[in-house]
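A short write-up of the structure that comes next.
The values are calculated or read from the model by the stated rules, or taken from the named source; none is laboratory data. For clarity, every value in this text was computed on a predicted model and none was experimentally measured. Every residue, glycine among them, receives a Cβ derived from its backbone with ideal geometry; neighbour counts consider all protein chains shown.
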Amino acid sequence: MESAVYNPGKLDRGLIMDPRTKLALLITVTTFALGGAGGRRCGMLVPVLCMVPFLLLLTAKRFKTAIIGIVLFWGSSMLLAFANAHDLRGLIYYIILGSCGVLGRFLPCIMMGRYLMESTTVSEFTAAMKKLHVSDNFIIPLSVMFRFFPTVVDEADSISCAMKMRGINIGGRHASKIIEYRMVPLMTCCVNIGEELSAAALTRGLGGEVKRTNICRIGFHLQDYAALLLCLVPWVLLIVDVVR
Amino acid sequence: MIEFENVSFNYLRTEQASVRNINLKINKGETVLLCGESGCGKTTLIRMINGLIPHFYEGRMNGSVSVAGMDTTEAELYETAKVVGSVFQNPRSQFFCVDSTSELAFGPENMGLPEEEIRERIDTTVALMKIRSLMDRSIFEMSGGEKQRIACASVDTLNPEVCVLDEPSSNLSLEAIEDLKNTLLGWKQKGRTIVVAEHRLYWLKDICDRVICLKEGKIIFDMPMKEFRNLSEEELRRHGLRSINENLSMAPIETGKMNPETITFEKLFYNYRNCDALHIDRLEIPRNEVIAVVGSNGAGKSTFSKCICGLMRGFKGYAIIGKKKQKSRNLLKSSYMVMQDVNHQLFCETVMDEVTLGMDEENRQRVVEILDKLGLKELADRHPMSLSGGQKQRVAVASALLSDKDIILFDEPSSGLDFYNMERVAELIRSLRGQKTVFVVTHDPDLVRRCATVVLRLENGQVVNTNSSGEIKDYGREKEKCYSAAVRICGQP
């Protein structure tokens with residue numbers, strides 16, 4: 001008997017990339033876009049790199065997020081260019097510089113991280129880590145974190161619903177305690193769920209001495225090579241720069 | 001197969017022993033039901049079989065437990081895991097992966113089986129449990145019933161000799177319980193030894209061969225199911241048990257007159273990503289009565305409740321309460337949901353602070369009155385998180401009463417409760433009748449029959465049946481029977 005009423009959608013993740021590629025992209029984007037490494041030589045490449053996460057989000061059919069991101073990113077860069085060109089001074093300039101700078105630098109990195117989290121399944125991630133010869137002591141907590149993240153979001157949603165019903169909001173009488181009211185139940189619930197979760201995982205044999213298998217097949221495809229090549233360029237430029 | 005020898009156990013930081021001097025032998029291929037009031041030690045026994053006691057939950061343990069010749073107190077958890085598969089109460093917190101296929105592979109992967117064999121095992125399980133349509137999907141987007149089926153399937157891929165289930169039906173609809181029943185029957189046919197701890201007994205009467213009842217950590221009886229089925233209702237009640245021949249009808253209680261005032265909801269529409277989750281043009285319900293909302297998983301009950309409480313973003317409908325039109329924002333102010341996990345809505349350090357949090361003005365006398373009425377007076381200085389589940393529920397109700405809400409909605413208030421606690425919840429809800437409009441979203445026919453005056457049945461986001469108390473529907477059948485339609489298990493006559 002199938003419940004025809006509600007059927008969860010098949011996982012549709014669009015373009016599938018190896019988690020290692022995504023990790024390489026994340027590191028490259030953060031180093032060059034956020035860290036500003038490479039200086040002038042990489043200057044031209046940075047906007048290209050910054051567009052990568054948005055493009056990836058588009059392939060994963062997250063159109064709304066991607067488009068908002070693109071508009072914000074280009075909007076802030078243009079505003080900054082405008083401010084520079086017109087030689088603005090004083091407070092306004094600093095506000096523009098501050099907010100646009102932060103937005104332009106952080107947004108691509110956050111989006112890249114988000115894409116990595118959303119498009120990678122736990123087993124793909126573990127498999128990739130295994131192939132990178134990372135120790136189990138590191139992989140298991142990380143994979144738990146992957147699993148736990150959506151749960152925490154769910155719990156936080158329910159709690160904010162409860163707060164709304166009690167009239168606890170920024171304009172309300174209890175505004176000063178708003179963080180406490182959110183954190184206390186969240187922590188209690190997360191601890192409970194975490195405990196149940198570990199009990200369930202242990203009864204299914206996690207932590208045994210045998211070598212764990214992973215049925216998830218990962219590997220590099222055309223899109224991975226293209227992305228890795230893109231990552232390589234700024235690094236090569238950086239190294240050349242340092243050597244000279 | 002399973003042998004308890006003189007076993008006693010104290011959880012850490014508790015005075016009272018949760019089980020005392022248990023001697024028990026369960027044979028291979030037997031299906032055993034463990035029952036008894038909440039806190040009688042059922043869960044403790046289950047945890048001893050799967051080794052979580054003493055390896056995960058710490059405490060003082062005496063005696064020995066052996067499963068298939070292995071001492072579970074000595075063996076490491078991953079050794080026990082090869083023999084014992086466990087299904088737990090909460091479907092939300094027992095899957096480890098995000099997608100269903102890796103979840104099924106998780107157990108065998110931990111055992112280090114070769115990839116080919118794992119794939120074969122998954123195929124066998126999928127065929128056996130008929131869950132092909134659930135494969136390769138996100139578990140987060142599944143309904144409770146579907147999650148529980150995945151939990152059973154992921155136990156099945158380990159092919160354990162012993163299966164233990166700890167209140168597996170608590171959060172399930174009647175339809176999903178039927179699925180669970182079929183799964184257990186399949187396991188039984190394979191000759192597995194099954195131990196189920198449960199409060200709702202009706203669905204196990206054709207599955208279990210033996211019933212063990214516990215009270216305060218001791219076995220009070222151990223009899224074959226044949227004998228157990230003949231126990232009278234009074235005897236069951238004495239042990240705090242629910243009926244074995246549970247009446248699945250969801251007819252409302254018989255009451256005198258209904259309140260003639262009404263609340264009208266209009267345009268209860270809501271879509272999730274092109275999927276019509278709720279579609280009710282107009283719904284008129286009597287004010288200050290108890291309205292049960294029933295229906296299978298995914299019928300739109302939770303969307304319905306969120307809309308009524310004004311928690312849905314972009315919800316355009318409104319309610320007319322006493323000639324005043326209340327839009328979503330006002331609904332948020334005039335309604336309150338008692339959530340299934342009450343922990344989400346307790347914020348303060350003492351019960352007193354908690355219940356007065358939403359009050360507009362301090363009114364000491366009224367607070368005391370209401371606390372007294374709900375039996376919370378002595379607990380006023382306790383921390384809400386230190387209370388029992390039922391007490392927490394009462395605190396939430398008290399805060400709703402004190403913040404002058406018109407509508408109180410209970411989301412599955414009786415899930416996982418034994419007979420007495422369920423009765424207490426029903427009593428609490430009944431006591432609200434006449435002062436508040438109460439919605440009860442539930443799967444529990446026992447609860448519906450004890451407190452609801454109107455029963456709404458949702459299906460595919462629409463109200464397909466309404467039954468008010470005292471109203472005789474012209475179905476050409478008895479009134480009682482006509483409404484058992486509400487629970488007729490889908491697809492089965």
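Worth pointing out:
- Any hit, segment B:268-278, residues being in a loop (DSSP other than H, G, I, E, B), within 14 Å of chain A (Cβ to nearest Cβ) and surrounded by fewer than 21 Cβ atoms within 10 Å (Cβ to Cβ): yes
One line per residue, one yes/no per condition, for (1) in a strand (DSSP E or B); (2) not assigned by TED's automatic domain parsing to the domain that holds B:G390; (3) not β-branched (V, I, T):
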position: B:S8; (1), (2), (3): yes, yes, yes
position: B:T14; (1), (2), (3): no, yes, no
position: B:L24; (1), (2), (3): yes, yes, yes
position: B:T44; (1), (2), (3): no, yes, no
position: B:M48; (1), (2), (3): no, yes, yes
position: B:P54; (1), (2), (3): no, yes, yes
position: B:Y57; (1), (2), (3): no, yes, yes
position: B:M61; (1), (2), (3): yes, yes, yes
position: B:S66; (1), (2), (3): yes, yes, yes
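- So B:E109, is it facing chain A (nearest Cβ under 7 Å), charged (D, E, K, R) and either assigned to a helix (DSSP H, G or I) or in contact (Cβ under 8 Å) with a residue 12 or more places away in the chain (or both): yes
- Of the listed requirements (1) surrounded by 23 or more Cβ atoms within 10 Å (Cβ to Cβ); (2) within 17 Å of A:A199 (Cβ to Cβ); (3) polar (S, T, N, Q), B:S102 misses just one: (2).
- Subset tally (residues that are surrounded by fewer than 20 Cβ atoms within 10 Å (Cβ to Cβ) and assigned to a loop (DSSP other than H, G, I, E, B)) for segment A:31-59: 4
- Selected residue (criterion: nearest to B:D444 (Cα to Cα)) from residues of segment B:298-317 that are basic (K, R) and assigned to a loop (DSSP other than H, G, I, E, B): B:R313
- Residue that is nearest to the other protein chains (Cβ to nearest Cβ), among those in segment A:173-199 that are of a type in the set (G, A, S) and surrounded by 15 or more Cβ atoms within 10 Å (Cβ to Cβ): A:A199
- Set B:S93, B:S154, B:S133: member being farther than 20 Å from B:E178 by Cα and facing another protein chain (nearest Cβ under 9 Å): B:S93
- Considering (1) within 9 Å of another protein chain (Cβ to nearest Cβ); (2) touching a Cys at 6+ places or on another chain (Cβ under 8 Å); (3) closer than 19 Å to B:L456 by Cα, the lone condition that B:G317 does not fulfil carries the number (1).
Here is a yes/no grid of residues against (1) more than 24 Å from the chain's Cα centre (by Cα); (2) closer than 30 Å to B:D411 by Cβ; (3) among the charged types (D, E, K, R); (4) assigned to a helix (DSSP H, G or I):
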position: B:T125; (1), (2), (3), (4): yes, no, no, yes
position: B:F140; (1), (2), (3), (4): no, yes, no, yes
position: B:G145; (1), (2), (3), (4): no, yes, no, yes
position: B:A151; (1), (2), (3), (4): no, yes, no, yes
position: B:V155; (1), (2), (3), (4): no, yes, no, yes
position: B:T183; (1), (2), (3), (4): no, yes, no, yes
position: B:I194; (1), (2), (3), (4): no, no, no, no
position: B:W203; (1), (2), (3), (4): no, yes, no, yes
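- Among the residues of segment B:324-361, those that are within 9 Å of chain A (Cβ to nearest Cβ) and either small (G, A, S) or not in a loop (DSSP other than H, G, I, E, B) (or both) comprise B:L332, B:K333, B:S335, B:Y336, B:M337, B:N343, B:H344, B:Q345, B:G358.
- If you check A:S176, A:S158, A:S143, A:S123 for being outside any loop (DSSP other than H, G, I, E, B), polar (S, T, N, Q) and in contact with a Phe, Trp or Tyr (Cβ under 7 Å, 6 or more places away or on another chain), only one passes: A:S143.
- The residues of segment A:169-219 that are charged (D, E, K, R) and under 30 Å from B:C348 (Cβ atoms), listed by number, are A:R173, A:K177, A:E180, A:R182, A:E195, A:E196.
For (1) in contact with a Leu (Cβ under 7 Å, 6 or more places away or on another chain); (2) under 24 Å from B:D353 (Cα atoms); (3) loosely packed, with under 13 Cβ neighbours inside 10 Å, each residue gets a yes or a no:
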| residue | (1), (2), (3) |
| --- | --- |
| A:M117 | no, no, no |
| A:S123 | no, no, no |
| A:A128 | no, no, no |
| A:L132 | no, no, yes |
| A:F138 | no, no, yes |
| A:M165 | yes, yes, no |
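- Residue check, B:G51 of a type outside the set (V, I, T), over 19 Å from A:E196 (Cβ atoms), surrounded by 18 or more Cβ atoms within 10 Å (Cβ to Cβ) and touching a helix residue (DSSP H, G or I) at 6+ places or on another chain (Cβ under 7 Å): no
- Residues located in segment B:362-381, provided they are within 31 Å of the chain's Cα centre (by Cα) and part of a loop (DSSP other than H, G, I, E, B): B:L374, B:G375, B:L376, B:A380, B:D381
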